[in-house]
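Contents: one structure, followed by commentary.
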Amino acid sequence: MSIKEKLHNGSLYLPGNEELAKEQTLCLNRLYDFNHTRPLDYEKRIALMKEMFAEIGEGCYIEPPFHSNWGGKHVHFGKNIYANFNLTLVDDTHIYVGDYTMFGPNVTVATAGHPILPELREKGYQYNAPVTIGRNCWLGAGAILLPDVTIGENTIIGAGSIVTKDLPSNVIAVGNPCKVLREVSDHDKAYYFKDRRIDYSALN
């Protein structure tokens, strides 16, 4: 089995492979260029993201600095995705993100892990498992998603939550470990925050 196959099938492997290191460095070089663009360099940022990502739809925007182990090489973004400052995507294997999803500042999505057994960890062994985030999700500031989790569509992850297991669609989930607080309900059609009512006539 090749090192690249192990990268994406959940096997234990040693990440210090020379071939991988060269490829990863080229990806990180593009990421460096992206993070050193100026705010007015919008078109340059878009062009770089198209080079960096495995897939990226129209209307996506990431606020630098953006951190990623492979510079987005294993990241699949739908359309109209927004990420605030300090998004960290540990993309040693694939990360899938649905259309219209939003990332608050300092969100981390990790696909890489290490064995619990100290002897293996001492040698540097690693494994990877993909993460899938559904359409139209909102990940609050400082949320952390661990390897091998799937988030359903329209789900909100509360700020500072740590997601260790799959979450269904159309829920609000919070905490460490992150658990479902409640479903998105008719109340949310009337109020957007606490007692603040939605004035549909004022919306564009």
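The values are calculated or read from the model by the stated rules, or taken from the named source; none is laboratory data. Given the structure is predicted, the values throughout are model-derived calculations rather than measurements. So basically every Cβ, Gly included, is an ideal-geometry build from the backbone, and we count neighbours across all protein chains shown. Each accessible area value is taken on the protein alone, full model and side chains, heavy atoms only, with ligands, DNA and RNA left out. Shrake-Rupley method; radii C 1.70, N 1.55, O 1.52, S 1.80 Å.
Could you tell me whether any residue of segment 117-132 is in contact (Cβ under 8 Å) with a residue 40 or more places away in the chain, under 26 Å from G16 (Cα atoms) and in a helix (DSSP H, G or I)? Yes, segment 117-132 contains at least one residue that is in contact (Cβ under 8 Å) with a residue 40 or more places away in the chain, under 26 Å from G16 (Cα atoms) and in a helix (DSSP H, G or I). Among the residues of segment 73-112, the ones that are closer than 19 Å to D148 by Cα, out of contact with any Lys or Arg (no Cβ under 8 Å at 6 or more places or on another chain) and open to solvent by less than 20 Å² (accessible area, probe 1.4 Å) come to 14 in all. If the condition is being over 24 Å from V131 (Cα atoms) and exposed (fewer than 15 other Cβ atoms within 10 Å of the Cβ), then segment 42-66 contributes Y42, E43, K44, A47. Condition first: buried (at least 19 other Cβ atoms within 10 Å of the Cβ), more than 22 Å from Y13 (Cα to Cα) and of a type in the set (A, V, I, L, M, F, W, C). Now tell me which residues in segment 121-144 satisfy that. Once the filter is applied, which keeps residues that are buried (at least 19 other Cβ atoms within 10 Å of the Cβ), more than 22 Å from Y13 (Cα to Cα) and of a type in the set (A, V, I, L, M, F, W, C), segment 121-144 yields I133, C137, L139, A143, I144. Of all the listed residues (A112, A54), the sole one being in contact with a Pro (Cβ under 9 Å, 6 or more places away or on another chain) and touching a residue at least 40 places away in the same chain (Cβ under 8 Å) is A112. The helices (runs of 4 or more DSSP H) found entirely in segment 1-102 that carry 3 or more residues being closer than 26 Å to E122 by Cβ are 3-9, 18-35.
Taking the conditions exactly as written (touching a Pro at 6+ places or on another chain (Cβ under 8 Å), surrounded by 11 or more Cβ atoms within 10 Å (Cβ to Cβ) and of a type in the set (A, V, I, L, M, F, W, C)), does I151 satisfy them or not? Considered against the rule, which asks whether it is touching a Pro at 6+ places or on another chain (Cβ under 8 Å), surrounded by 11 or more Cβ atoms within 10 Å (Cβ to Cβ) and of a type in the set (A, V, I, L, M, F, W, C), I151 comes out as no.
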